[in-house]
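> Supplied in structure tokens, the structure appears directly below.
Please treat every number below as a calculation from the coordinates, not as lab data. Quick caveat: nothing in here was measured; it's all calculated off a predicted structure. FYI the Cβ positions are ideal-geometry reconstructions off the backbone, even for glycines, and counts take in every protein chain you see.
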């Protein structure tokens, strides 16, 4: 976990108490892109001893099991709160002020999301709900939303160059909304007469996003430029553009790439970088998802002999059918 960026003390305390530091059998992988909001902790061996309580930490720990654990005991202070099998996909939501501890004699692999009370309060305030005083979820129970969104976060750890900060912020915000609603015991519903962004807000948001084609800008920063909370901004942006910010930005990148393919002879690898993609493979995936054909095929068909656009479209449709 050595990095020049300041890591929340929660992760250092967790690594220490779970004997993960300097262990040849353990690994802790944190997401720097998402400001260390989540990470993967794993070990090919169980803990050598009872893991002592996490003391003095605030916020919540949500753990998604990526590997079945035959036996696990969890404690809040000195009180045992769960014991037994934790299958793949099981979820634990733990209030760090409960001084959580555990006995884990088996190998483990888990995605851990660190949630601050401030993030939950922001969601509640934006939806005109009372603050969530506590997250409650049966320890070790399966949660479909956490499982699928968690797998997306996990993929970002394996391929950090293929995701952007604004995308991860959006996924984490969706998780926080889910926690407030499903774990906080309140119901989130969209306002009946919710409006979109004003013209000035649209201009501020699009200018910021266009200036960060690679997506490495915090969702909170764009929202702040529009003088909105993250929750309000995310809803208003989707209301205005019929898609979330990260999808709008991906489509903009593809449009820029298409223009460069039409009006220049730059190689696709260079076009990908200029348009904010991590590499040509990332361009290929996004371009094909939108246009149903790879950039190479599109460029070859649409520029062949400099024919008219209608002839090019006909050839492109023929390529798609073949």
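> Can you grab the distance from the C-alpha centre of region 113-128 to the C-alpha centre of region 1-51, Å, no decimals?
Spelled out, the Cα-based centre of one part sits 24 Å from the other.
> Rg and Dmax of region 9-183, Cα atoms, in Å?
Cα radius of gyration and Dmax of region 9-183 are 15.5, 48 Å respectively.
> Continuing with this model, one more query. Can you give the FRET efficiency to the nearest 0.05 for residue 216 and residue 118, using r as the Cβ-Cβ distance and R₀ = 22 Å? Let's see the in-between values first.
Numbers: r = 23 Å, r/R0 = 1.03.
That gives a FRET efficiency of 0.45.
> Round to the nearest 10 and give me the degree value, 0 to 90, for the angle of helix 230-241's Cα axis relative to the longest principal axis of the chain.
Roughly 20 degrees, rounded to the nearest 10.
> Return the inverse of the average 1/r over all pairs of distinct C-alpha atoms in region 19-58, which is the Kirkwood hydrodynamic radius, in Å to one decimal.
Kirkwood hydrodynamic radius for region 19-58: 11.9 Å.
> Between residue 148 and residue 50, how many nm apart are label points set 7 Å from Cα along the C-beta direction?
4.1
> Cα convex hull of region 1-98: mean projected area in nm², to one decimal?
Details: hull surface 26.1 nm².
The directionally averaged projection comes out at 6.5 nm².
> Between residue 303 and residue 25, what's the calculated FRET efficiency when r is the beta-carbon distance and R0 is 56 Å? Round to 0.05.
Values: r = 55 Å, r/R0 = 0.98.
E(calc), rounded to 0.05, equals 0.55.
> What is the diffusion coefficient of region 82-147 in µm²/s, taking the Kirkwood radius over Cα pairs and the Stokes-Einstein relation at 37 °C with a viscosity of 0.692 mPa s? Working shown, then result.
On the way: Rh = 14.0 Å.
Estimated diffusion coefficient is 235 µm²/s.
> I would also like to ask the following. Determine the gain in length on full extension of the stretch residue 6-residue 128; use 0.36 nm per residue of separation and subtract their C-alpha separation, reporting nm with one decimal. Intermediate values should be presented prior to the final figure.
Details: separation 122, 0.36 × 122 = 43.92 nm, distance 3.29 nm.
Net length gain for the segment: 40.6 nm.
> Full-extension gain between residue 200 and residue 289, please, as 0.36 nm times their residue separation minus the C-alpha to C-alpha distance. The partial results should precede the final answer.
Working: separation 89, 0.36 × 89 = 32.04 nm, distance 3.11 nm.
Going from the current span to full extension adds 28.9 nm.
> Ok, one more. Report the relative contact order of the chain, percent, no decimals, based on alpha-carbon pairs under 8 angstrom and at least 6 residues apart.
On the way: 507 pairs, mean separation 39.2, N = 322.
With pairs under 8 Å counted, the relative contact order is 12 percent.
> Oh, and also: Does anyone have the angle between helix 165-178 and the longest principal axis of the chain? Alpha-carbon axes, 0 to 90°, nearest 10?
50
> Could you sort the peptides 138-145, 150-157 by per-residue average Cβ neighbour count (10 Å cutoff), highest mean leading?
Numbers: 138-145: 15.1, 150-157: 17.4.
Sorting 138-145, 150-157 by mean packing, highest first, produces 150-157, 138-145.
> As a footprinting exposure proxy, order 273, 69 by other Cβ within 10 Å, with the fewest listed first. The partial results should precede the final answer.
Values: 273 16, 69 21.
Going from sparsest to densest Cβ surroundings: 273, 69.
> What is the angle, in °, between the Cα long axis of helix 117-126 and the longest principal axis of the Cα atoms in the chain? Nearest 10 is fine, range 0 to 90.
50
> Another question, if that's okay. For region 199-242, what relative contact order do you get, as a whole percent, if you take Cα pairs closer than 8 Å and at least 6 residues apart?
Details: 22 pairs, mean separation 13.8, N = 44.
About 31 percent, as a whole number.
> Below 8 Å between Cα atoms, with a sequence gap of 6+, how large is the relative contact order for region 1-131 in percent? Kindly include the intermediate steps, with their values, before the conclusion.
Values: 265 pairs, mean separation 35.8, N = 131.
Relative contact order comes out at 27 percent.
> Calculate the FRET efficiency for residue 187 and residue 251 from the Cβ-Cβ distance with a Förster distance of 25 Å, rounded to the nearest 0.05.
Numbers: r = 32 Å, r/R0 = 1.29.
Once rounded, the FRET efficiency stands at 0.20.
> Show that you can apply the helix-only estimate: for the chain, add -39,500 (n - 2.57) for every DSSP H stretch of four or more residues, divide by all residues, and state [θ] at 222 nm to the nearest 500.
Numbers: 12 runs with 140 residues, N = 322.
Computed mean residue ellipticity for the chain: -13500 deg cm²/dmol.
> What spacing in nm lies between the two simple spin-label points modelled at residue 270 and residue 83, each 7 Å away from Cα in the Cβ direction?
Output for this residue pair reads 6.8 nm.
> Over the alpha-carbon set of the chain, work out the extent along each principal axis and list the three values in angstrom, largest first.
76, 48, 39
> Now a separate question. Rg to Rh for region 199-242: what is it, with Cα atoms only and Rh by Kirkwood? Please report the intermediate quantities before stating the final value.
Values: Rg = 9.5 Å, Rh = 10.3 Å.
Reported Rg/Rh, Kirkwood definition of Rh: 0.92.
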